[in-house]
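What follows draws every value from the coordinates through simple rules; no lab data is involved. Predicted, not measured: the structure shown is a model, and the values here were computed from it. Neighbour counts are summed over all protein chains in view; Cβ atoms, including those assigned to glycine, are modelled from backbone coordinates with ideal geometry.
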Amino acid sequence: MKKRYLIPALFILSVISLFVGVSSISPLDLLDFQSEETQIFLISRLPRLVAILLAGAGMSMAGLIMQQLSRNKFVSPTTAGTLDATRLGILVSMLMFANASMIEKMAVAFVFALAGTFLFMQILNRIKFKDAIFIPLVGLMFGNILSSITTFFAYRADVIQNMSAWLQGDFSMVMKGSYELLYISVPVFIIAYLYANRFTVAGMGEDFSKNLGLKYRSIVNIGLTLVALITATVVLTVGVIPFLGLIIPNIVSIFKGDHLQKTLPHTAMLGAIFLLLCDILGRVLIYPYEISISLMVGVIGSFIFLFLLFRRKAYA
Amino acid sequence: MIQVRELSKLYGKKQVVENVTVDIQRGQITSFIGPNGAGKSTLLSMVSRLLDADTGEVLIDSTNTKKMKSNELSKRVSILKQSNFMNVRLTIRELVSFGRFPYSKGRLNDEDEKMVDQAIAYMDLAEMEHAYLDELSGGQRQRAFIAMVIAQDTDYVLLDEPLNNLDMKHSVQIMKILRRLVDELGKTVIIVLHDINFASVYSDRIVALKNGRVVKDGPTEEIIQSAALKEIYDMDIPIQQMNNCRICVYFNS
Ligand SMILES: Nc1ncnc2c1ncn2[C@@H]1O[C@H](COP(=O)(O)OP(=O)(O)OP(=O)(O)O)[C@@H](O)[C@H]1O
Ligand SMILES: [Mg+2]
């Protein structure tokens, strides 16, 4: 879990990702700027790589911030209803504006992601029984309720076809012109890093924060806003990627602890590496077809999640 | 000086702290004693502004705490609560470094690092400073939190039952360190203690609470008296003089 290993791994996987695919491209082809290969490279391969890196880093960081602020290792966009709220937001934007533009969808999805996450945090505050496992279960139920509402209205409005694009994460559709919204997450990453110490303090509780003169409420609000921004951009551009925000921060925490200023960069990198790996595997396993990324992450991720659960039990 | 003026706190219909007025002198150790549920923790939380009082006010060196910025206050008053359960994976050193947060916001300069080193050394934690909190014993963790409060370097240090979980050796060690903080560095320590013998041996003043009210407030020798203790605890506690210490023999009262 050292940067010395993470950075080369990230680099090598990125290169592999650029040159794996249905139409074979070799680095030499790129020398001819006019060639078809170069065009594919620029329109499809490169955007795909950038999207994977940003989405992987973003979802992992979002998960880390949520875990810190909720003081629960199993809270993440997947297990707190954030992803489901975002999808409901996208549906609402589609029903509200015919042919909603990307920005309109983004705005509504963001508001819903934020509202959903806040609602979950409110529920969390009300629950007396703060068992580490019980809380994510409540979050999953909350997410499922939102999800059924989405499905119900999507059927009624006959937009279930359009919605399904956001149900499952998929990088094969990422192209120049469709993913640029993800760049919003770059300034969000920077802000998250600048606030890393405050998030760490807030993660130690309200009284602890107040003793150190930290405005607890506003830090929590800022953190959740960042989470909602990242989630909304990722879901809109590549779809739902489950589990990433859950497993990556937990793995990093085991090795590096919870000092966010130290672990945030590792979390972002490991998230990107993991997603890249899943994407490359998904592309080569049933070549020339593709296994969708959310399926890959879902299968591998749920195993790791189970492993983390049992590991926790062994400790407790 | 901390002046507590007619402070009250109501939970539902229950008056948990009732019209408490006390002055806490600078450069002294003031112990708060009293039975479980007397309102000691609630009072300390209100003094350090973790909790809003229903009525009354707290003045710190003549300034109302309500008028102070939270960051300013955190450089003047620190508090360690009674229970510090948290499942955050930080090393001792990382935790103690957060004591400097009011000054550095996390970017520690050389002076901050020096304060952190000092606090860790004070608490005898140097050889385990890179151990994670969740892998420590309860007493070691408690010492790490006290080290953090020392690193915070405030004039007023409020500690709610800091001897919880500590063995005899470390209890004595911590009380001696608190004494040094007061005698050498001129700090003011306000501490909640259940073991009245520690209160008797180490504090300058004792304030006794019962049912949310101050029932006794005075120099240690005046409070460590069988009659006064009877009033506070409803127990007959004989007192023995030993090597200049007044020891309460309450084990078979
Ligand atoms: N959040 C709360 N809601 C309702 N009642 C409370 C709350 N906190 C404390 N109390 C009540 O206030 C009273 C005083 O509590 P407090 O914690 O201040 O006592 P204490 O003197 O510190 O006791 P101990 O020695 O056991 O720590 C108790 O009766 C307690 O039940
Ligand atoms: Mg108490």
Cβ-based exposure ranking for B:Asp110, B:Asp183, B:Asp160, in which fewest neighbours within 10 Å come first: B:Asp110, B:Asp183, B:Asp160
Table column - 3J(HN,Hα) (Hz), the range B:238-253, Karplus curve with 6.51, -1.76, 1.60, x for Gly and Pro: x, 10, 10, 8, 9, 6, 6, 10, 9, 10, 8, 9, 9, 5, 10, 6
Point-to-point label distance, A:Phe97-A:Val284, nm (Cα→Cβ direction, 7 Å offset): 4.2
Nearest-ten-degree value, helix A:46-70 long axis tilted from longest Cα axis of chain A: 10
Calculated [θ] (222 nm, deg cm²/dmol) that DSSP helices of n ≥ 4 give over chain A, each run adding -39,500 (n - 2.57): -23500 deg cm²/dmol
Cβ-defined net charge surrounding A:Leu146, 15 Å radius [Lys, Arg +1; Asp, Glu -1]: 0
Likely footprinting exposure, B:Leu178, B:Leu136, A:Leu137, fewest C-beta neighbours within 10 Å first: A:Leu137, B:Leu136, B:Leu178
Placed amide H near B:Val17: partners under 5 Å, 5+ positions off or other chain: B:Lys9
Longest exposed-site-free window of chain A, the sites being chymotrypsin sites (Phe, Trp or Tyr not before Pro) in a DSSP loop that have at most 11 other C-beta atoms within 10 Å: A:130-288
Nonlocal amide H pairs with B:Lys210, under 5 Å, H built at 1.01 Å: B:Val215
Prolate/oblate/rounded label for the range A:68-128 (Cα gyration tensor, a/c 1.5): prolate
Only Lys, Arg (+1) and Asp, Glu (-1) charged, at Cβ; the protein assembly as shown dipole about Cα centre in debye: 520
Loop-resident sites, the range B:49-116, for trypsin sites (Lys or Arg not before Pro), counting at most 14 other Cβ within 10 Å (DSSP): B:Lys69, B:Arg107
Top positive-direction residue, dipole computed over chain A with Cβ charges, set A:Ser253, A:Leu28, A:Ile184: A:Ser253
